[in-house]
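**Student:** The structure follows.
The values are calculated or read from the model by the stated rules, or taken from the named source; none is laboratory data. Just so it is clear, the model here is predicted, and its values are computed rather than measured. Positions of Cβ are generated from backbone atoms using ideal geometry, with glycine treated the same way; all protein chains shown enter the neighbour counts.
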Amino acid sequence: MQTRDDIYNTLRDALVELFELEPERITPESNLYQDLEIDSIDAVDLIDHIKRQTGKKIAAEEFKSVRTVSDVVDAVYRLVQPTA
């Protein structure tokens with residue numbers, strides 16, 4: 001899970017699996033809270049799922065700033081990139 005496309009595809013699959021969303025509802029521009037109806041409990045589940053997939057945990061503070069699926073992809077991408 002290294003490219004943004006890989007992360008997006010994994011995230012979309014997770015949203016479908018965890019929250020029983022229709023895949024066509026999930027786009028990079030989808031707002032997690034308004035469009036996909038994800039609440040704070042769901043967000044914690046999503047953070048946990050990302051941790052299991054990457055072996056790294058997104059800080060709750062960082063996750064508070066995400067609004068769209070694309071924001072989550074960017075946050076995970078930063079998380080999994082090797083530090084220079």
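**Student:** Give me the pairs, please: first residue somewhere in the range 39-68 and without any contact (Cβ under 8 Å) to a residue 24 or more places away in the chain, second residue anywhere and assigned to a loop (DSSP other than H, G, I, E, B) and of a type outside the set (A, V, I, L, M, F, W, C), beta-carbon distance under 8 Å, and either six or more positions apart or on two chains.
**Tutor:** Correct list of pairs: ASP39/TYR33; ILE47/LYS57; LYS51/LYS57.
**Student:** Something else: Yes or no: the range 9-20 includes at least one residue that is among the basic types (Lys, Arg), under 22 Å from VAL80 (Cβ atoms), surrounded by 14 or more Cβ atoms within 10 Å (Cβ to Cβ) and out of contact with any Phe, Trp or Tyr (no Cβ under 9 Å at 6 or more places or on another chain).
**Tutor:** yes
**Student:** Pull up the range 57-70, narrow it to residues that are of a type outside the set (Lys, Arg) and either farther than 20 Å from ASP35 by Cα or touching a Ser or Thr at 6+ places or on another chain (Cβ under 7 Å) (or both), then point me to the one that is surrounded by the most Cβ atoms within 10 Å (Cβ to Cβ).
**Tutor:** That would be VAL69.
**Student:** Residue check, ASP5 against (1) in a loop (DSSP other than H, G, I, E, B); (2) loosely packed, with under 14 Cβ neighbours inside 10 Å, all met but one. Which one?
**Tutor:** Condition not satisfied by ASP5: (1).
**Student:** Could you check, for the range 30-47, whether at least one of its residues is surrounded by fewer than 16 Cβ atoms within 10 Å (Cβ to Cβ) and closer than 20 Å to GLN81 by Cα?
**Tutor:** So far as the range 30-47 goes, no, none of its residues is surrounded by fewer than 16 Cβ atoms within 10 Å (Cβ to Cβ) and closer than 20 Å to GLN81 by Cα.
**Student:** Let me ask you something else. Which helices (runs of 4 or more DSSP H) sit wholly inside the range 11-81 and have at least 1 residues that are modelled with pLDDT of 90 or more and of a type in the set (Gly, Ala, Ser)?
**Tutor:** Values: elements: 40-54, 60-63, 69-80.
Those helices (runs of 4 or more DSSP H) span 69-80.
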